[in-house]
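Participant: I'd like to ask some things about the structure below.
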Amino acid sequence: MTLDFTDEALLLRLQAGFPLHPRPFRMLGDALGISEQEAMRRVQRLKSEGYIRAIRASFDVQRMGAASTLVAACVEPARIEAVAHELNQHPEVTHNYERRHHYNLWFTIIADSRERIAELVEQARRLPGVIEAVELPVLQRFKIAAVFDAKR
Amino acid sequence: MTERPFAALAATYGVGEEELLETLRQWLHSGVMRRYGALVSHRKLGYECNAMVVWQVPPERIAEVGRLFAADPEVTHCYQRRPAPGLPHNLYIMIHAHSEDDCRRKAENLSRVAGVAAYELLISTREFKKDSPRYAAPRTREDEQGADEHA
């Protein structure tokens with residue numbers, strides 16, 4: 001599937017915000033000069049083709065009373081998949097990437113409390129193959145936003 | 001998919017469409033909800049490379065450099081983080097670009113613009129998990145998963 005100009009405009013708009021309106025597709029259609037039905041069809045297609053992963057609410061972690069952190073772990077390369085798999089069992093582990101660095105496994109935790117985060121980090125340190133793990137909590141946020149346009 | 005996705009969603013909670021929309025609008029207005037919108041697959045859109053770039057910024061310049069990086073549209077996240085043993089960096093950004101070379105060039109540019117020479121690129125080699133966080137809402141039972149989905 002190739003994206004035309006309308007798809008690209010739709011993707012940008014949908015990322016900026018899905019209209020909180022009883023007929024959101026009509027609103028989107030009006031903005032793009034297409035019908036409500038066509039807006040629906042295009043959104044449906046962008047979803048089924050995997051361009052859109054979800055349309056949903058994103059909450060402010062702090063305002064929700066949740067605690068979050070980033071953990072960098074140094075893991076024996078042979079154990080990295082097993083360790084990642086173990087960590088991913090926890091719903092509080094939201095992102096988990098292997099990166100090219102001494103600390104080769106990087107994961108984020110969002111949990112109910114600081115105590116729970118400390119517990120999860122301690123558990124991670126005890127997993128076989130984990131040499132060390134350090135916590136990198138946020139001190140200040142300058143930007144949390146990701147709006148992507150389609151590039152080819 | 002339906003013309004009235006919020007009516008369908010509201011019905012699953014046994015509330016009215018307008019009540020649900022009003023709640024969502026209030027959450028957005030108060031800032032509890034940052035956004036209600038699409039999450040896209042950046043790989044699908046051609047952003048093949050995701051790099052975390054970590055910087056050692058002199059503490060007295062952190063706010064200035066943080067705001068500078070945040071203003072760049074190719075920088076998607078920009079946080080000051082606490083340094084740790086082996087990771088003396090204090091400013092963390094994410095860059096999404098089409099290739100590793102593009103990520104490197106971008107980081108070099110930012111380094112020049114900000115006048116910060118000490119940085120490292122951490123290229124992701126594998127994605128083991130990328131999930132939406134779930135929260136228990138403070139007052140209602142509606143969680144993020146609940147507020148999800150139109151199809």
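Only the coordinates and a few stated rules stand behind these numbers; no lab work does. Note that the coordinates shown come from a computational prediction; the quantities given were computed from them, not determined experimentally. Positions of Cβ are backbone-derived with ideal geometry, glycine not excepted, and every protein chain shown enters the neighbour counts.
Participant: To the nearest Å, what is the center-to-center distance of region A:15-66 and region B:43-64, using C-alpha atoms only?
Facilitator: 28
Participant: Give me, ordered by chain and number, the residues 5 or more places off A:Arg99 or on other chains with an amide H under 5 Å from its own placed amide H.
Facilitator: A:Leu105, A:Trp106, B:Thr125
Participant: Let me make sure I get this right: for region B:1-67, a, b and c are the square roots of the gyration tensor eigenvalues over alpha carbons, sorted descending. Under 1.5 in a/c it's rounded, otherwise prolate if a/b > b/c, else oblate. Which is it?
Facilitator: Here region B:1-67 falls in the oblate category.
Participant: How much mean residue ellipticity at 222 nm does chain A get from its helices, if each DSSP H run of length 4 or more adds -39500 (n - 2.57) and you divide by all residues, to the nearest 500 deg cm²/dmol?
Facilitator: The per-residue figure over chain A is -11000 deg cm²/dmol.
Participant: Calculate the all-directions average of the projected area of region A:67-135's alpha-carbon convex hull, and give it in nm².
Facilitator: Mean projected area of the Cα convex hull: 3.8 nm².
Participant: When the dipole is taken about the Cα centre of chain A, and only Lys, Arg (+1) and Asp, Glu (-1) are charged at their Cβ, what size is it in debye, to the nearest 20?
Facilitator: The dipole of chain A has a size of about 400 debye.
Participant: Follow-up question, since we're still on this one. ³J(HN,Hα) across region A:7-24 via Karplus (A = 6.51, B = -1.76, C = 1.60, θ = phi - 60°), whole Hz, x for Gly/Pro?
Facilitator: 4, 5, 5, 5, 4, 5, 4, 5, 6, 5, x, 7, x, 7, 8, x, 10, x
Participant: Here is a follow-up. At 222 nm, what helix-only mean residue ellipticity would chain B give, in deg cm²/dmol to the nearest 500, using -39500 (n - 2.57) for each DSSP H run of four or more?
Facilitator: Result for chain B: -9500 deg cm²/dmol, rounded to the nearest 500.
Participant: How large is the charge dipole for region B:49-123, taken about the Cα centre, if only the Cβ atoms of Lys, Arg (+1) and Asp, Glu (-1) carry charge, to the nearest 20 debye?
Facilitator: Value, rounded to 20: 200 debye.
Participant: Which value, in debye to the nearest 20, gives the size of the charge dipole of the protein assembly as shown about its Cα centre, when Lys and Arg are +1 and Asp and Glu are -1 at the Cβ?
Facilitator: 320
Participant: So how long is each side of region B:49-123 along the principal axes, counting just the alpha-carbon atoms, biggest first, in Å?
Facilitator: Principal-axis extents of region B:49-123 (Cα, largest first): 32, 25, 19 Å.
Participant: Give me the angle, in degrees from 0 to 90, between the Cα long axis of helix B:100-114 and the longest principal axis of the Cα atoms of chain B, rounded to the nearest 10.
Facilitator: 70
Participant: Rounded to whole Hz and in sequence order, give me ³J(HN,Hα) for region A:59-69 from the Karplus expression 6.51 cos²θ - 1.76 cosθ + 1.60, θ = phi - 60°, writing x for Gly and Pro.
Facilitator: So the J values, rounded to whole Hz, are 9, 7, 3, 5, 5, 7, x, 9, 10, 9, 7.
Participant: In straight Cα distance, which aspartates and glutamates are under 17 Å from B:Lys129, not counting same-chain residues fewer than 8 positions off?
Facilitator: The reachable aspartates and glutamates, counting only those whose Cα sits under 17 Å from B:Lys129, are A:Glu81, A:Glu86, A:Glu92, A:Glu98, B:Glu48.
Participant: Working from the alpha-carbon coordinates of chain A, get Rg over Rh, Rh being the Kirkwood radius.
Facilitator: My calculation of the ratio gives 1.10.
Participant: Let me ask something else. Taking the dipole about the Cα centre of the protein assembly as shown, with the C-beta of Lys and Arg at +1 and of Asp and Glu at -1, give me whichever of B:Val15, A:Val83, B:Asn50 is farthest to the positive side.
Facilitator: Looking along the dipole axis, the top candidate is B:Asn50.
Participant: Can you list residues from other chains, or at least 5 along the same chain, whose modelled amide H is less than 5 Å from the amide H of A:Gly17?
Facilitator: Here B:Ala38 satisfy the definition.
Participant: Moving on to the next point. At q = 0.16, 0.18, 0.20 Å⁻¹, what is the log10 ratio I(q)/I(0) for chain B, with the Debye formula run over Cα points and no solvent?
Facilitator: Each listed q maps to, in turn, -0.97, -1.06, -1.17.
Participant: I would also like to ask the following. If a/c stays under 1.5 just call it rounded; otherwise compare a/b with b/c (prolate if a/b is bigger, oblate if not). Do that for region A:5-48, with a ≥ b ≥ c from the square roots of the Cα gyration tensor eigenvalues.
Facilitator: Here region A:5-48 falls in the rounded category.
Participant: OK, next. With 20 Å bins from zero, work out the P(r) of the protein assembly as shown over every alpha carbon pair and list the percent per bin.
Facilitator: All Cα pairs considered, the percentages come to 31, 57, 12.
Participant: Related question: In terms of modelled amide H atoms, which long-range or inter-chain residues lie less than 5 Å from the amide H of B:Ala84?
Facilitator: Under 5 Å from the amide H of B:Ala84 lie the amide H atoms of B:His89, each far enough along the sequence or on another chain.
Participant: What is the average number of partner chain Cβ atoms found within 10 Å of a Cβ in A:93-105?
Facilitator: Going residue by residue through A:93-105 and averaging, the value is 6.
Participant: So which residue, out of A:Ala73, A:Ala39, A:Ala54, gets the largest mean-square fluctuation from a GNM of chain A using Cα contacts under 10 Å as springs?
Facilitator: For chain A, modelled as a Gaussian network with Cα springs under 10 Å, the answer is A:Ala54.
Participant: Sequence neighbours fewer than 8 away in the same chain don't count; with that in mind, list the aspartates and glutamates whose C-alpha is under 14 Å from A:Lys143.
Facilitator: A:Asp60, B:Glu64, B:Asp72, B:Glu74
Participant: Oh, and also: Quick check: pseudo-label points 7 Å beyond the Cα along Cα→Cβ at B:Ala117 and B:Arg43, how many nm apart are they?
Facilitator: Simple spin-label model gives 3.8 nm for this pair.
Participant: Also, I was wondering about something else. For A:Ala133, what is the net charge nearby, where nearby means another residue's Cβ is under 10 Å from its Cβ and Lys, Arg count +1, Asp, Glu -1?
Facilitator: Around A:Ala133, the surrounding residues sum to -1.
Participant: Pop out the ³J(HN,Hα) list for region B:21-32 in order, Karplus 6.51 cos²θ - 1.76 cosθ + 1.60 with θ = phi - 60°, rounded to Hz; leave Gly and Pro as x.
Facilitator: 4, 5, 4, 4, 5, 5, 4, 5, 4, 6, x, 4
Participant: How far is the Cα center of region B:86-109 from the Cα center of region B:1-33, in Å?
Facilitator: Region B:86-109 and region B:1-33 have Cα centres separated by 38 Å.
Participant: On to the next question. Across the residues of B:95-104, average count of Cβ atoms on other protein chains within 10 Å?
Facilitator: 1
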